[in-house]
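Chemist: Below are the structure tokens for one structure; questions will follow.
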Amino acid sequence: MRRICVDMDEVMADLLTEHLRQYNQHFEEELTPEDLVGKGLWVAAPDDRQLQLRAFLDAEGFFEDLPVMPNAQEVLKDLSERFEIFIATSAMVVPNSLGSKYRWLRRHFSFIPPSHYVFCGDKSILRADYLIDDQPRNLLAFEGQGLLYSAPHNLMLTEFVRVNNWLDVARYFESVDPAA
Ligand SMILES: [Mg+2]
């Protein structure tokens with residue numbers, strides 16, 4: 001059975017919406033996802049706001065209540081019947097997030113067993129046929145077929161196979177033979 005690794009932040013979980021909401025509230029700004037095209041929030045925010053941007057993520061429970069990306073549950077449920085699904089998240093960047101991420105996955109994706117969670121650092125360690133991720137650097141380090149999940153920060157890139165949303169993911173795998 002072919003194996004698909006799936007990133008969490010900005011692929012399964014809508015981190016940006018909450019991060020941007022807290023940023024706008026704290027700094028009394030009105031940035032929108034459109035303002036972040038080609039750069040993302042970290043690049044759009046001035047240097048003297050980087051520590052606060054990071055503090056939002058470190059706060060207890062930030063990762064606990066993130067919204068699920070539209071259609072992620074249905075599509076992954078369907079794919080899990082044809083493919084081996086592993087969740088691969090760079091959780092070491094925010095060690096506080098480990099417990100929250102575990103509980104979030106159990107709550108929203110209970111059909112994926114915890115033995116298929118990979119809380120990792122460098123994703124080049126992954127061995128799978130596919131990786132769905134919004135970070136180009138993770139796809140470049142990956143030896144299988146990478147699928148770039150669209151996020152404002154990566155919208156200008158043209159060198160990757162792109163999926164814009166979970167319905168796009170479903171369409172991509174329709175024509176893939178799980179046993180090949
Ligand atoms: Mg991500």
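The values are calculated or read from the model by the stated rules, or taken from the named source; none is laboratory data. Bear in mind the structure is a predicted one, so any value in this text is a computation, not a measurement. Neighbour counts run over all protein chains shown; Cβ positions are idealised from the backbone, glycine included. What goes into the accessible areas is simple: the full protein's heavy atoms, side chains included, and nothing from ligands, DNA or RNA. Shrake-Rupley method; radii C 1.70, N 1.55, O 1.52, S 1.80 Å.
Chemist: What's the longest uninterrupted piece of the chain once you rule out the GluC sites (Glu not before Pro) that are loop residues per DSSP with at most 15 other Cβ within 10 Å?
Modeler: Working: sites that count: GLU28, GLU29, GLU30, GLU60, GLU64, GLU81, GLU143, GLU159.
Between the exposed loop sites, the longest stretch runs 82-142.
Chemist: Shifting gears a bit: For LYS77, go through the lysines and keep the ones whose alpha-carbon is under 25 Å away, minus same-chain ones fewer than eight residues off.
Modeler: By straight Cα distance, LYS77 reaches LYS101, LYS123.
Chemist: Using a 1.4 Å probe, what is the accessible area per residue for segment 1-139, in Å²?
Modeler: With all protein chains present, segment 1-139 gives 49 Å² per residue.
Chemist: Taking all pairs of distinct Cα atoms, average 1/r, flip it, and tell me the Kirkwood hydrodynamic radius of the chain in Å to one decimal place.
Modeler: Working: mean 1/r = 0.0592 Å⁻¹.
Final number for the Kirkwood radius of the chain is 16.9 Å.
Chemist: Quick one: with all protein chains in place, what share of the accessible area of segment 84-180 is carbon or sulfur, to the nearest percent (1.4 Å probe)?
Modeler: For segment 84-180, the apolar C and S fraction of the accessible surface comes to 53 percent.
Chemist: Under 5 Å between amide hydrogens, which residues at least 5 positions from LEU131 or on another chain qualify, with H placed 1.01 Å from N in the peptide plane?
Modeler: Result for LEU131 returns CYS5, GLN145, GLY146, LEU147.
Chemist: Then there is this: List every residue whose amide H lies under 5 Å from the amide H of ALA88, counting only residues 5 or more places away in sequence or on a different chain, with H placed 1.01 Å from N in the peptide plane.
Modeler: It is VAL6, ASP7, MET8, VAL118, by chain and number.
Chemist: Apply the Karplus curve 6.51 cos²θ - 1.76 cosθ + 1.60, θ = phi - 60°, to the phi angles in segment 121-128 and return the couplings in whole Hz, x for Gly and Pro.
Modeler: Once rounded to whole Hz, the list reads x, 6, 6, 5, 6, 5, 10, 7.
Chemist: Determine Rg/Rh for segment 15-58; Rg is computed over alpha-carbon atoms and Rh is the Kirkwood hydrodynamic estimate from the same atoms.
Modeler: 0.91
Chemist: Apply the Karplus curve 6.51 cos²θ - 1.76 cosθ + 1.60, θ = phi - 60°, to the phi angles in segment 3-17 and return the couplings in whole Hz, x for Gly and Pro.
Modeler: Once θ is set to phi - 60°, the couplings for segment 3-17 become 10, 10, 9, 10, 6, 8, 5, 6, 10, 8, 10, 7, 5, 4, 4 Hz.
Chemist: Per residue of the chain, what 222 nm ellipticity follows from adding -39500 (n - 2.57) for every DSSP H run with n ≥ 4, rounded to the nearest 500?
Modeler: Values: 7 runs with 63 residues, N = 180.
Per the formula, -10000 deg cm²/dmol.
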